[in-house]
Every structure is written in structure tokens, then in C-alpha cells.
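What follows is a set of notes on a single structure, which appears directly below.
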Amino acid sequence: MIDLNEMKEESLDIAIRRGQEVDGISCLKHCAGEVAEAIDAYKDFEQVHGKFSGPSSEAYNLRMELADIIMCVLTLCAREHLDIEEALRHCIKKNKARIPEKNKRADYVDWKLHKQSLEIKQLEEKMDMLTERFKLPTGAPTRVVK
Ligand SMILES: [Mg+2]
């Protein structure tokens, strides 16, 4: 289990040693820049993962940009002595309470359907990849003429 409150102190220490501005506004501006980078990384990720599944440099880049966002948040939390773990727990509780009553039971079903659609998409991608792989090379005869 990751200890975010411990990690935030390390984030602040790194930011200071790198010479970054660590006041609140600078941290938030930095975070906004990282969000923009994550948007670009997600576009690349989405483009590649529309065709293939599994590990890729696009998936790695997206993960790194998301981690950059978290680092900015952690740095700010350390600077301002904010308990991010308590805040996250509260946020999850608050958002859970906002789920409409009618969706509380259906949530599991929706997730299950979502998971199934992802599995189908992955199978379709693998089928496309295999179809592409076993195509005859360009210029080769596609049928034998007797
Ligand atoms: Mg970045």
C-alpha cells in the first residue's frame, strides 16, 4: 500500500532540490501543464490501443504523465501540510453518497458489461492483427491461375 502522506514529503524534497517553484500557484500551474501533457499522451494511447492491446510506449507515456500530475498534487500538499489521504477518503465517501439510489445495485452490472465490452474489443483487435499478419505480401498472386 502506498503511503501518500510519506510520498508527498519526498515529492516536495525533490521539487526543491530540482529548483522548482513550490508555492501553491506554481504547483497548480505546473499541474495544469502536466494535465495538458497527459491529454496529448492519452490521444496517442487511444490511437494505438484502438488497434492493439497490451504494453506499449504510449501506455508507458500516459502512466508517466498521470504520475507527474500526482507528483504536483503531492508537492503542494506537502508544502501546505495537507493530509491528502484523509482528503481522498473523504472525497470517495462524498462521491459514493452522490450515486443515485437506483444505480447503487446496478453499478456492478454496468461495470461487468463494461468489462465484457472491453474483452470483446480486445478480441476484435487480436482478430484484426491476425488477419493483417496473415495477409499475402503486396504484389504476390492471390490465386493460382491454371
Ligand atoms: Mg510530464
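From the square roots a ≥ b ≥ c of the eigenvalues of the alpha-carbon gyration tensor of the stretch 1-72, which class results: rounded (a/c under 1.5), prolate (a/b over b/c), or oblate?
Judged from the Cα gyration tensor, the stretch 1-72 comes out prolate (a/c at least 1.5, a/b above b/c).
To the nearest 0.05, what FRET efficiency results for Met64 and Ile120 with a Förster distance of 25 Å applied to their C-beta separation?
About 0.30, to the nearest 0.05.
If you place +1 on the Cβ of every Lys and Arg and -1 on the Cβ of every Asp and Glu, how big does the dipole about the Cα centre of the stretch 1-77 come out, in debye to the nearest 20?
160 debye
Straight-line reach only, C-alpha to C-alpha below 13 angstrom: list the aspartates and glutamates that Lys102 could link to, leaving out same-chain residues fewer than 8 apart.
Asp110
Each reported figure results from applying straightforward, stated rules to the coordinates on display, with no laboratory input. Since the structure is predicted, the reported quantities are computational estimates derived from the model, not experimental observations. Positions of Cβ are backbone-derived with ideal geometry, glycine not excepted, and every protein chain shown enters the neighbour counts.
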